[in-house]
Every structure is written in structure tokens, then in C-alpha cells.
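Asker: Structure in C-alpha cells, see below.
Since every read-out is calculated from the coordinates, none of them should be taken as a lab result. What you are looking at is a predicted structure, and each value in this text was computed from that prediction instead of being measured. All Cβ positions, even for glycine, are placed from backbone atoms using ideal geometry, and neighbour counts span all protein chains on display.
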Amino acid sequence: MTRVFVDTSAWIALANARDQWHTTAREYYLFLLQRRASLCTSNYVLAEAYTHIRYAAGHASALRFQALIAAAEKQHYLQVLWVDQATAEAAWQVFAQYADQFFSFTDCTSFVLARQARVDEVFAFDEDFRTMSFIIKP
């Protein structure tokens, strides 16, 4: 079974019909569900996504997105990985090491969690994960 980490850019594209990647994100998400891929994300990624969706598409869109996340978790399509102290400490090491990159702290926590979860690929529309040698799709 393919293990996929879903990053903020993918969630935003899925939730916001005005996003340039919305159609691609929707098609790829449905493809992953049909393949029964094991999806994971983090509480930090979701916090970023909720906030962005709320500001870009409105409060109701953020609530609809949260309902999608809750349903995916309940149906065991999605596992939310939580950033704990050990993850945060490891993320700070990544953050400090890559001063030449514009990684957010959330990006660094995602790198740590994705490695720990041994993901096969990352569902994202930015290049940050590629810099860290992850396979990005779609």
C-alpha cells in the first residue's frame, strides 16, 4: 500500500475551488482514495491549511474542509500525525541546518514526520519536499 503525506498546498488546492491547482488536486485525491493509498498529514499542516482557507475562501469553506478531514479520519483514509516535543526538536535541527532554504517551521516538522512515517510520496504543489529528496506528486 502506498503511503502518502499530504502537505498544506494540496489541502488548500482541494478546499479552494479558485485555487489554480484545484482540479488537479481533486482528481489526484480521488485517485489516491480509489487506490486505497494510506494518507497522512500533520496537525501543523492542518492548522496552516485551516487558516489559509479561512482567509482565502471564507469561514464556511474552512468549516467544510474540517468536515472533510474529520470524515477522512473516521473512514480511516487519513491519519493525522501530531507534532510532539521530540518532533519539534528534530524539526529545529532541520530548520537550523538549512539556512539557505526558505522552509517554514511547519515544513521542517513535516519533513521529520514524513520520514518517520516512511512515506512513498508527498502530495504537494511546492518544491520544499523535493529539496529534501521526497517524491512529489501529482
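Asker: Say R0 is 25 Å: what FRET efficiency, to the nearest 0.05, do Thr131 and Arg3 get from their beta-carbon distance? The partial results should precede the final answer.
Answerer: On the way: r = 20 Å, r/R0 = 0.80.
Rounded to the nearest 0.05, the efficiency is 0.80.
Asker: Rounded to the nearest 20 debye, what is the charge dipole size of the range 65-138 about its Cα centre when +1 sits on each Lys and Arg Cβ and -1 on each Asp and Glu Cβ? If you can, show how the numbers build up before the last one.
Answerer: Numbers: 5 positive and 10 negative charges, 49 e Å.
That gives a dipole near 240 debye.
Asker: Treat every Asp and Glu Cβ in the chain as -1 and every Lys and Arg Cβ as +1, leave all other atoms uncharged, and give the resulting dipole magnitude about the Cα centre to the nearest 20 debye. Walk me through the intermediate numbers first.
Answerer: Working: 12 positive and 14 negative charges, 119 e Å.
Here the size comes out at about 580 debye.
Asker: Projecting each Cα onto the charge dipole of the chain (Lys/Arg +1, Asp/Glu -1 at the beta carbon, about the Cα centre), which of Leu39, Ala17, Gln75 comes out farthest on the positive side?
Answerer: Checked the options; the winner is Gln75.
Asker: Suppose each label sits 7 Å from its Cα in the direction of the beta carbon; what would the Glu73-Thr24 distance come out to in nanometres?
Answerer: About 2.9 nm, to one decimal.
Asker: With a sphere of radius 13 Å drawn around the Cβ of Tyr77, what net charge do the other residues whose Cβ falls strictly inside it have (Lys, Arg +1; Asp, Glu -1)? The partial results should precede the final answer.
Answerer: Details: positive: Arg3, Arg35, Arg36, Lys74; negative: Glu73.
It works out to a net charge of +3.
Asker: Please list, ordered by chain and number, the residues whose modelled amide H lies under 5 Å from the amide H of Ile136; skip anything fewer than 5 residues away on the same chain.
Answerer: Val122
Asker: Whose amide H sits under 5 Å from the amide H of Val6, counting only residues 5 or more places off or on another chain, with H placed in the peptide plane?
Answerer: Cys40, Thr41, Phe123
Asker: Now, a different point. Could you list log10 I(q)/I(0) for the chain at q = 0.13, 0.18 Å⁻¹, which the Debye formula gives when each Cα is one point scatterer?
Answerer: Values, matching the q order: -0.52, -1.02.
Asker: Still on this structure, I have one more. Report, in degrees rounded to the nearest 10, the 0 to 90 angle that the Cα long axis of helix 105-116 makes with the longest principal axis of the chain.
Answerer: On a 0 to 90 degree scale, this one is about 90.
Asker: Could you rank the peptides 2-15, 58-71 by their average count of other C-beta atoms within 10 Å per residue, with the highest value first? Please list the in-between numbers first.
Answerer: Numbers: 2-15: 23.6, 58-71: 14.3.
Per-residue mean Cβ counts within 10 Å order the peptides as 2-15, 58-71.
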